[in-house]
Amino acid sequence: MDPSPAEQRAADRGNATEGLLPDRETGRSVTNLRPALRFVRPYLAQVAIAGAALVVTASVTLSVGQGVRLLIDEGFATGSTELLRSSIGIFVALVLLLAAGTYVRFYFVSWIGERVSADIRLAVYARLVRMHPAFFEDNQPTEIQSRITTDTTLLQTVIGSSVSIALRNAFMFVGGLLLLFVTNPRLATIVIVSAPIVISPIVLFGRRVRRLSRSSQDTLADVGSHAGESLRHIKIVQAFSHEGQDLAAFAGRVDVAFAVAVRRIRQRAWLVATVMVLTLAAIAVMLWVGGQDVLVGRTTGGELAAFIFYAFIVAGAVGAASEVWADLQRAAGATERLMELLHATSALPEPDRPKQPRRPGAVAFRRVSFRYPTRPDVTVLTDIELSLSPGETVALVGPSGAGKSTLLDLVQRFYDPTEGTVAVAGVDARDLALETLRREIAFVPQHPVLFAGTVRDNVRYGDVDADDARVIAALRAAHATEFVDALAEGLDTVVGEDGQGLSGGQRQRLAIARALLPEPRILLMDEATSALDARSEQAIRQTIAELKGRCSILIVAHRLSTVAHADRIVVLAEGRIVAEGTHEALLRENGLYRDFAEIQLVDSEGEIAAGG
């Protein structure tokens, strides 16, 4: 399947940063911004326009000093009304040019910041959405969400504002410094001598701000993570009257974030205040020396006024640099965090030469053993040998923790086996492209997951190209049409995140409909009927019976009523297969299965019904 335009843009943006993940030495400095700036490359035309406007506005601002000199020395000194009038006219023209240039610069710089921020979000999400599930065991999704939103917003501010300010002030600093020497070389020497004294606090405090910026962003991510988790599970929070404890924990995290932010702000405040005092002190010295020169006739009043103007330009550029430097430090921390995500590698690599399915519907576990990456010392599955023929229905039963759900994860290649191979459609799952592999399979989880949107959107999640006729057919197969038709807007009824507003059984039936919509070759069901009442479960059993022979079905269940009519039942215990056969054979031959069956309720007609 060809990538969507959005995915292609994400890949293009991501490729711009390949090999640019900073090491630990460079990752703590503003050089870490370079990978983010690579996202600017596709928009060099806009950068050129903004740069030209910046040069124009800076040049106009610098030319004002010469206008002041001429106005004082030739306008006021000669008393010429005509010269004064023409000077004012030129000044108005310069102001209009400055306004136009400022508009162009602000628009394009802001546009670049917003566009680059959006591209980085897209590239990071495109990388994350294809990461292996174990990645999200080590990295909390709520913290990742904070990085995608908060950190990219900070980068947008820096690229769309701070970088422009930095470049403008760099231009103003260099231009102002040159004009200082043109206007009065003697006074300009004072500026050169005092410059290191003014700049040194920027370096000193900047290092401290840089360290605190990363810490501040990490603590803010922790705040967002805690809030997102508690609000997402608000019913559990309130059911256990845990609001007070959660609020206290949240307040503690907020206080930690605030304390770190205050330390960062204090350092920035010292930085700005120190630079301001030193800059104004240097200007005071220049005023004293320059005033003496005017009094003895070594310079004119206009030249001194122009020099003071340029001195303020240079001082303002240095002061703005101290502000921008602190912003760049924070952006460097944000970029480091984003690049960590953008350059994360999946533990499930795509094959270099993907193979095509040879035997659709077939599944085979060949001497499979497995340990979760986060628990490498615990063996979950040991030496599993199991085959599923096309069109066959196999049920997995056993106590909790026996490894049943893990087998389903391995079929979908959410993990690779530690030892052995898992073959799907006659091919080692590692030799199939992930998209090809998962197109063969549909999955119904134990806890149904629905997304914010309409009923139609949630069912069509299984196949976005399906028309309403297919959606309705899938709902009918899942025996969900009755309750969907009873909803106020039918298929257009909006359900909340995680299916808020629907019962557990309704959510489960929609999840089953979603799985049936693409007509998969392999259907995996993990306790898919656990949330259904007896009537709904009976309907789903009929659906499964109708699917027998049309697709392979692998069911994990505790209810014997769900598994008794499977072609085969596989009993697992402690990660091993301990028995395999039909329901009747296992009742006779396997004690574990017989014990399992004895806790189920049997109705008066001898049919197996749902039990505890």
Practice problem: Could you tell me which residue of segment 555-593 is nearest to P399 (Cα to Cα), considering only residues that are open to solvent by 10 Å² or more (accessible area, probe 1.4 Å) and in a strand (DSSP E or B)? | Solution: A573
Exercise. Might you check whether a residue that is charged (D, E, K, R) and without any contact (Cβ under 8 Å) to a residue 60 or more places away in the chain occurs anywhere in segment 381-402?
Key: no
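I'd like to check something: does segment 332-339 contain any residue that is small (G, A, S), touching a residue at least 12 places away in the same chain (Cβ under 8 Å) and surrounded by fewer than 21 Cβ atoms within 10 Å (Cβ to Cβ)? Walk me through how you get there before you give the answer.
The initial filter retains those residues of segment 332-339 that are small (G, A, S), namely 332-334.
Subsequent filtering for residues that are touching a residue at least 12 places away in the same chain (Cβ under 8 Å) retains 332-334.
Of the ones still in play, those that are also surrounded by fewer than 21 Cβ atoms within 10 Å (Cβ to Cβ) are none.
Checked segment 332-339: no residue is small (G, A, S), touching a residue at least 12 places away in the same chain (Cβ under 8 Å) and surrounded by fewer than 21 Cβ atoms within 10 Å (Cβ to Cβ).
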Quiz item: Given (1) of a type in the set (S, T, Y); (2) modelled with pLDDT of 75 or more; (3) more than 25 Å from A317 (Cβ to Cβ), where does S59 come up short, assuming only one miss?
Solution: (3)
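If a residue counts only when it is at pLDDT 80 or above and surrounded by fewer than 17 Cβ atoms within 10 Å (Cβ to Cβ), which helices (runs of 4 or more DSSP H) contained entirely in segment 104-196 have at least 3 such residues?
In segment 104-196, 163-183 are the helices (runs of 4 or more DSSP H) which contain 3 or more residues that are at pLDDT 80 or above and surrounded by fewer than 17 Cβ atoms within 10 Å (Cβ to Cβ).
To keep it simple, each residue is scored yes or no on (1) within 26 Å of the chain's Cα centre (by Cα); (2) assigned to a helix (DSSP H, G or I).
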site	(1), (2)
T374	yes, no
P390	no, no
T406	no, yes
V422	no, no
V459	yes, yes
Self-check item: L154 being farther than 23 Å from I49 by Cα and either touching a residue at least 24 places away in the same chain (Cβ under 8 Å) or not aliphatic (A, V, I, L, M) (or both)
Solution: yes
Quiz item: Got a sec? Which of G244, G297, G301, G290 is open to solvent by less than 30 Å² (accessible area, probe 1.4 Å) and out of contact with any Lys or Arg (no Cβ under 7 Å at 6 or more places or on another chain)?
Solution: G290
Quiz item: Looking at (1) more than 30 Å from G175 (Cβ to Cβ); (2) of a type in the set (A, V, I, L, M); (3) at pLDDT below 80, which is the one condition that is false for V378?
Solution: (3)
Quiz item: Which pairs do you get when a residue that is farther than 30 Å from W270 by Cα, found in segment 292-321, comes within reach of a residue that is surrounded by 17 or more Cβ atoms within 10 Å (Cβ to Cβ) and among the hydroxyl-bearing types (S, T, Y), reach meaning Cβ atoms under 6 angstrom, with the pair 6+ apart or on two chains?
Solution: D293/T299; E303/T183; A306/T183
Practice problem: Select from segment 484-499 the residues that are in a helix (DSSP H, G or I), more than 26 Å from the chain's Cα centre (by Cα) and among the acidic types (D, E) and list them in ascending order. | Solution: D485, D492
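What about L510, is it over 26 Å from D595 (Cβ atoms) and of a type in the set (A, V, I, L, M, F, W, C)? Steps first, answer last, please.
Numbers: over 26 Å from D595 (Cβ atoms): yes; of a type in the set (A, V, I, L, M, F, W, C): yes.
Yes: the conditions hold for L510.
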Exercise. Among the residues of segment 372-409, count how many are of a type in the set (D, E, K, R), surrounded by 18 or more Cβ atoms within 10 Å (Cβ to Cβ) and closer than 24 Å to R130 by Cβ.
Key: 1
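Taking T543 as the residue in question, decide whether it is in contact with a His (Cβ under 8 Å, 6 or more places away or on another chain), modelled with pLDDT under 90 and not aliphatic (A, V, I, L, M). I'd like the intermediate steps shown before the answer.
Working: in contact with a His (Cβ under 8 Å, 6 or more places away or on another chain): yes; modelled with pLDDT under 90: yes; not aliphatic (A, V, I, L, M): yes.
Yes; evaluated as a whole, the condition is true for this residue.
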Quiz item: What is the one condition in (1) more than 26 Å from the chain's Cα centre (by Cα); (2) surrounded by fewer than 17 Cβ atoms within 10 Å (Cβ to Cβ); (3) not in a loop (DSSP other than H, G, I, E, B) that E435 does not satisfy?
Solution: (1)
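For segment 506-523, which positions are open to solvent by less than 10 Å² (accessible area, probe 1.4 Å) and in a helix (DSSP H, G or I)?
Q508, L510, A511, I512, A513, A515 - these are the residues of segment 506-523 that are open to solvent by less than 10 Å² (accessible area, probe 1.4 Å) and in a helix (DSSP H, G or I).
Given the structure, is R550 open to solvent by 30 Å² or more (accessible area, probe 1.4 Å) and at pLDDT 80 or above?
Working: open to solvent by 30 Å² or more (accessible area, probe 1.4 Å): yes; at pLDDT 80 or above: yes.
Yes: the conditions hold for R550.
Would segment 524-533 turn up any residue that is open to solvent by 40 Å² or more (accessible area, probe 1.4 Å) and touching an Asp or Glu at 6+ places or on another chain (Cβ under 8 Å)? Give the steps one after another, and end with the answer.
Of segment 524-533, the ones open to solvent by 40 Å² or more (accessible area, probe 1.4 Å) are 530-531, 533.
Filter again for touching an Asp or Glu at 6+ places or on another chain (Cβ under 8 Å), leaving none.
No, segment 524-533 contains no residue that is open to solvent by 40 Å² or more (accessible area, probe 1.4 Å) and touching an Asp or Glu at 6+ places or on another chain (Cβ under 8 Å).
Can you tell me which residue within segment 524-537, out of those that are in contact (Cβ under 8 Å) with a residue 12 or more places away in the chain and assigned to a helix (DSSP H, G or I), is farthest from A362 (Cα to Cα)?
Initially, segment 524-537 is screened for residues in contact (Cβ under 8 Å) with a residue 12 or more places away in the chain, giving 524-534, 536-537.
Filter once more, so that each one left must be assigned to a helix (DSSP H, G or I): 534, 536-537.
Values: A534: 31, S536: 29, E537: 26 Å.
Applying the filter and picking the extreme gives A534.
Of the residues T299, T274, only one is on the phi < 0 side of the Ramachandran plot and not in a helix (DSSP H, G or I); which?
Values: T274 fails: not in a helix (DSSP H, G or I).
Just a single option satisfies the conditions, and that option is T299.
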Quiz item: So how many residues does segment 464-483 have that are open to solvent by less than 70 Å² (accessible area, probe 1.4 Å) and either under 34 Å from the mean Cα position of the chain (by Cα) or at positive phi (or both)?
Solution: 6
Quiz item: What is the residue count in segment 296-327 for residues that are in contact with a Leu (Cβ under 7 Å, 6 or more places away or on another chain) and at pLDDT below 75?
Solution: 2
Practice problem: Would you please list the contacts, defined by Cβ atoms under 7 Å and residues six or more apart or on different chains, that run from a residue in segment 341-358 that is among the aromatic types (F, W, Y) to a residue that is open to solvent by 70 Å² or more (accessible area, probe 1.4 Å) and modelled with pLDDT of 85 or more? | Solution: none
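The values are calculated or read from the model by the stated rules, or taken from the named source; none is laboratory data. Keep in mind that this is a model prediction, so the values were computed, not measured. Neighbour counts are summed over all protein chains in view; Cβ atoms, including those assigned to glycine, are modelled from backbone coordinates with ideal geometry. Ligands, DNA and RNA are excluded from the accessible area calculation, which covers all protein heavy atoms including side chains. Shrake-Rupley method; radii C 1.70, N 1.55, O 1.52, S 1.80 Å.
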